[in-house]
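Heads up, the thing below is written out as structure tokens.
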Amino acid sequence: MPGYFDHNATTPLHPVAREAWLKASERHWHNPSGLYREAAETKHRLEEARERLGKLLECEPQRIVFTSGATEANNAVLRMLAAKLPGDSTVLTCCMEHPSVQVPLRAAFGKRVREVPPRPDTSLDWEAFTTALQTQRPALATFMAANNECGTLLPWLQIGIACRDAGVRFHCDATQWIGKMPGIQLGQCCDYITGSAHKFGGPKGVGFLVLSSEDEALGLLTGGPQEEGRRAGTENYPSIEAMVTVLEHLMSRLESMSAQVELREAFEKQINLSIPGTKIVGQGTQRLWNTSMLILPRHDHRKWLARLSQQGFAVSTGSACSAGHDGASQVLQAIGATQEEMKRVLRISGGWETTEEEWSGLTAAMVRVRDSLDG
Ligand code: PMP
């Protein structure tokens, strides 16, 4: 049975999001900045969507700016902070951040970026983090909530509390966390949060940035008074409505998460048995329930990917959004994998709707591919 295992890259549009999008597009397509009744109605619904998202993220709705996705949100917040913080400010981060954080961070802060190295199992070295927080005295810390390549979870709640105690601003790229994990207190312990709808069943091209206060000026896109003057451009109300509606839907069903963890665990157990020599990156550390990053014992990952694709299974080599050297995986570079290992990596990421048959079908297909490649 074929299956889609690249949910960390993007997810199919959820029926709940589709329905919300169609309804909003048919009835409330007017520009929310207009001064007539229909536009006022769209504006009213847009602000309701902001309030509903604020409730889910546990933050004041006025702190939310709708964007085109997490890349825009990450770029916007880091550039804004670079302009606002004193010129000698340092930033604490980790070398496994998504390129949409790493690249603007380097561009804006250059040599003032300080990296906390991960442990060999990809988890955050808490001691190294707290030591750096005390000794480096950064003005900003930026750490993702969940890693897009290996699924490792970072202790954002504890990071947020430690940053608050130290008087350090905290930005959290929660793109892979939101919609998969409970959002408890995200808005309360992070000064800045970024997220993207297409990672959790919403439409592509819409996301959000939570700022530390409602009067913070963003200034990335100028030329219009939308979003309280913080981001110019007509708000994409139908997509915003679809994003918030599907997130509400998912958040109310998080209890089925434990069943999904079991499916991924069973998959990894089977792979360890059936394809001996496979390494699972971050195995044993806290990870997202849907993600498995495998270093296979032999054969180039492009061959694995092509043959799995022929059998109807979509997986990733894990390097699609990597800005690492030679396009290699950032996580693998961070944990010191060899160049050779980097060519044998596959990222498997299931979704809420992925069935037991699809997970076991993937295992069977991988065994067939291994046999055919071994020749
Ligand atoms: N941050 C993380 C952790 C991601 O996984 C992604 C998408 N791969 C992004 C940011 C960028 O999201 P978008 O493509 O929606 O701009």
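Determine if region 248-267 includes at least one residue that is crowded, with 18+ Cβ neighbours inside 10 Å, of a type in the set (D, E, K, R) and in contact with a helix residue (DSSP H, G or I) (Cβ under 6 Å, 6 or more places away or on another chain). No.
Here's the yes/no breakdown for (1) of a type in the set (Asp, Glu); (2) outside the structural domain of Ile193 (by TED's automatic domain parsing); (3) open to solvent by 10 Å² or more (accessible area, probe 1.4 Å); (4) not in a helix (DSSP H, G or I):
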residue	(1), (2), (3), (4)
Leu22	no, no, yes, no
Glu26	yes, no, yes, no
His30	no, no, yes, yes
Ser33	no, no, yes, yes
Ala39	no, no, no, no
Thr42	no, no, no, no
Ala49	no, no, no, no
Arg52	no, no, yes, no
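For Thr122, the conditions (1) away from the ligand (no atom under 16 Å from the Cβ); (2) closer than 19 Å to Pro155 by Cβ are fulfilled apart from (1).
Out of the residues in region 225-247 meeting the condition of being of a type in the set (S, T, N, Q), open to solvent by 20 Å² or more (accessible area, probe 1.4 Å) and over 15 Å from Glu51 (Cα atoms), tell me which one is nearest to the ligand (Cβ to nearest atom). Steps first, please.
The first filter runs over region 225-247 and keeps only residues of a type in the set (S, T, N, Q), leaving 226, 234, 236, 239, 245.
Now restrict to residues that are open to solvent by 20 Å² or more (accessible area, probe 1.4 Å): 226, 234, 236, 245.
With over 15 Å from Glu51 (Cα atoms) added as a condition, the list becomes 226, 234, 236.
Working: Gln226: 19, Thr234: 19, Asn236: 13 Å.
Once the filter is applied, the top-ranked residue is Asn236.
Mind counting the residues in region 212-258 that are at pLDDT below 85 and over 23 Å from the mean Cα position of the chain (by Cα)? Qualifying residue count for the region: 5. The residues on offer are Thr222, Thr175, Thr194, and the sole one that is open to solvent by less than 10 Å² (accessible area, probe 1.4 Å) and either closer than 30 Å to Ser89 by Cα or among the β-branched types (Val, Ile, Thr) (or both) is Thr194.
Considering only region 34-53, state which residues are in contact with a strand residue (DSSP E or B) (Cβ under 7 Å, 6 or more places away or on another chain) and either at pLDDT below 95 or not aliphatic (A, V, I, L, M) (or both).
Arg50
Take Arg307 and decide whether it is part of a loop (DSSP other than H, G, I, E, B) and open to solvent by 20 Å² or more (accessible area, probe 1.4 Å). Judged against the criteria, Arg307 is not a match.
What residue, among those in region 4-20 that are among the aliphatic types (A, V, I, L, M) and within 15 Å of the ligand (Cβ to nearest atom), is least open to solvent (accessible area, probe 1.4 Å)?
First, the residues of region 4-20 that are among the aliphatic types (A, V, I, L, M): 9, 13, 16-17, 20.
Going one step further and asking which of them are within 15 Å of the ligand (Cβ to nearest atom), we end up with 9, 13, 17.
Details: Ala9: 37, Leu13: 86, Ala17: 0 Å².
Ranking the candidates gives Ala17 first.
Given the options Asn74, Asn8, name the one that is closer than 17 Å to Gly205 by Cα and in the same structural domain as Glu356 (by TED's automatic domain parsing). Quick ask: steps written out before the conclusion?
Working: Asn74 fails: in the same structural domain as Glu356 (by TED's automatic domain parsing).
Only one candidate qualifies: Asn8.
If the condition is being over 22 Å from His249 (Cα atoms), in a helix (DSSP H, G or I) and open to solvent by 10 Å² or more (accessible area, probe 1.4 Å), then region 54-89 contributes Gln62, Arg63, Thr71, Glu72, Asn75, Arg79, Met80, Ala82, Ala83, Lys84.
The values are calculated or read from the model by the stated rules, or taken from the named source; none is laboratory data. If you're wondering where the values come from, they're calculated on a predicted model, not measured in any experiment. As a convention, Cβ positions derive from the backbone with ideal geometry for all residues, glycine included, and neighbour counts pool all protein chains shown. What goes into the accessible areas is simple: the full protein's heavy atoms, side chains included, and nothing from ligands, DNA or RNA. Shrake-Rupley method; radii C 1.70, N 1.55, O 1.52, S 1.80 Å.
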